[in-house]
Number of protein chains: 2
Amino acid sequence: MSKNCRFAVAVHVASVLALNGEAPCTSEWIAGSVNTNPVVIRRILSALAKAGLVTSIRGSAGGSVLARRPETITLLEIAQAVDEDGGPALHHQKPNPLCTVGRGIQPVLAGIIQRAEAAREAVLGQTLLSEVIHAIQVEAG
Amino acid sequence: MSKNCRFAVAVHVASVLALNGEAPCTSEWIAGSVNTNPVVIRRILSALAKAGLVTSIRGSAGGSVLARRPETITLLEIAQAVDEDGGPALHHQKPNPLCTVGRGIQPVLAGIIQRAEAAREAVLGQTLLSEVIHAIQVEAG
DNA sequence: GAAACCGTAACCGTTACGATTACAAGGAGA
DNA sequence: TCTCCTTGTAATCGTAACGGTTACGGTTTC
């Protein structure tokens, strides 16, 4: 599956924003919580803003705030905002059409992979950011 | 998700082997159907053999055959044989434990990702290689 | 012994990622 | 207006993974 941690960072960012409420968070402060570089956070924030999940305020005393209530944001929206790549890849080269398998496998596999991804996304689509925040608070004590 | 096409190639390889029945297939012949290098196929075959799905015969007139009937092989077994990487990644660095989110997010996210992956794997676990072969034959005409 | 085949190590070019630096643009306050 | 502070984005670097390829040793058949 995906080898990047953008989804994990994006949920982390959204959780920090949600816990801060109306107060804008700077990318530097969020980076301190995620333990990475502020530019990495800004790239994530940019993707979340394009998806309408986050609003960024430029200038001094600026920062980012959640654009919607945590009860209305699913993890699927966050995942789709930062992870444009959809599902496992098919063949690099086109299979040999002279072979029965080579001729017919690609649409069959595409359908199966799509169904598997849909099942995975259903779980993310049913998980709300507010639930994640609650679980984090329970976990962190 | 995963950016490699090993799963697609592995299903392709297994389908070719299944359609050839008892007759061993050489890696070069399979490579001709997949349209890639024989060594790439041998690497996939090696992983499938370690999972007990394929038997390889060395020496002249050698090749590979399916070790089990296609009705008893699920796509999940094939995926796990060639894709050791499990699910999306968490953070690169450990989050800051001084932050509530940093302290609690990792186990929460791990649980959610695991549930999402389980849903995806359930679909693959219910799909049999024999069904794939049938669909390929219908598709290829 | 020769030929055919598997198994694997080694290497190359490409691609993607996270991290970092640098800089332009925007906005608040002195 | 001037000065910070912040976002936004481009450019670059090092690393890691992947597919493709060559090479070579081991194995089996003829």
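The values are calculated or read from the model by the stated rules, or taken from the named source; none is laboratory data. Model, not experiment: these values are computed from the prediction. Here the Cβ positions follow ideal geometry from the backbone for every residue, glycine too, while neighbour counts run over all protein chains shown. What goes into the accessible areas is simple: the full protein's heavy atoms, side chains included, and nothing from ligands, DNA or RNA. Shrake-Rupley method; radii C 1.70, N 1.55, O 1.52, S 1.80 Å.
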Any idea what the A:Gln137 label distances to the other copies are, label 7 Å down the Cα→Cβ vector, nm, shortest first?
5.9
Could you work out the helix-only [θ] at 222 nm for chain B, with each DSSP H run of four or more residues adding -39,500 (n - 2.57) and the total divided by the number of residues, to the nearest 500 deg cm²/dmol?
-19000 deg cm²/dmol
Rounded if a/c is under 1.5, else prolate if a/b is larger than b/c, else oblate: which is chain A, with a ≥ b ≥ c the root eigenvalues of its Cα gyration tensor?
prolate
Expressed as an acute angle from 0 to 90° and rounded to the nearest 10, what is the orientation of the C-alpha long axis of helix A:38-50 relative to the principal long axis of chain A?
70
Rounded to the nearest 100 Å², what is the buried accessible area between B and A, both sides summed, probe 1.4 Å?
4800
Calculate the dipole size of chain A relative to its Cα centre from +1 charges on Lys and Arg beta carbons and -1 charges on Asp and Glu beta carbons; express the result in debye to the nearest 20.
480
Label position 7 Å from Cα toward Cβ: report the copy-to-copy distances for B:Asp85 in nm, one decimal, ordered from shortest.
0.6
Per the C-alpha gyration tensor (a ≥ b ≥ c, the square roots of its eigenvalues), the protein assembly as shown is rounded if a/c is under 1.5, else prolate if a/b beats b/c, else oblate; here it's prolate
How high is the relative contact order of chain B? Use alpha-carbon pairs under 8 Å, at least six apart in sequence, and give a whole percent.
27
If r is the Cβ-Cβ distance from B:Asn37 to B:Arg68 and R0 is 22 Å, what FRET efficiency results, to the nearest 0.05?
0.25
With x for Gly and Pro, the residue-by-residue ³J(HN,Hα) of segment A:130-141, computed from phi through the Karplus equation 6.51 cos²θ - 1.76 cosθ + 1.60 at θ = phi - 60° and given in whole Hz, is 5, 5, 4, 4, 4, 5, 4, 5, 5, 5, 6, x
Counting only heavy atoms of protein chains, what accessible area per residue, in Å², does segment B:1-128 have with a probe of 1.4 Å?
48
Placing a label point 7 Å from Cα toward Cβ, how far apart in nm is B:Ala51 from its equivalents in the other copies, listed shortest first to one decimal?
3.0
Using the Cα centre of chain A as origin and beta-carbon charges of +1 (Lys, Arg) and -1 (Asp, Glu), tell me which of A:Ile30, A:Leu90, A:Ile41 is placed farthest towards the positive end of the dipole.
A:Leu90
Order these peptides, A:16-28, B:6-18, B:56-68, by their mean beta-carbon neighbour count within 10 angstrom, highest first.
B:6-18, A:16-28, B:56-68
In degrees from 0 to 90, rounded to the nearest 10, what is the angle of the helix B:100-126 Cα long axis to the longest principal axis of chain B?
20
Cα-based helix-to-principal-axis angle, A:6-20 vs chain A, degrees rounded to 10:
30
Mind checking the dipole of segment B:64-131: about its Cα centre, +1 per Lys or Arg Cβ, -1 per Asp or Glu Cβ, Debye to the nearest 20?
340
Taking every residue of B:116-125, the Cβ atoms of other protein chains inside 10 Å of its Cβ average out to 6
Would you work out what percent of the accessible area of the protein assembly as shown, with all protein chains in place, is carbon or sulfur (probe 1.4 Å)?
54
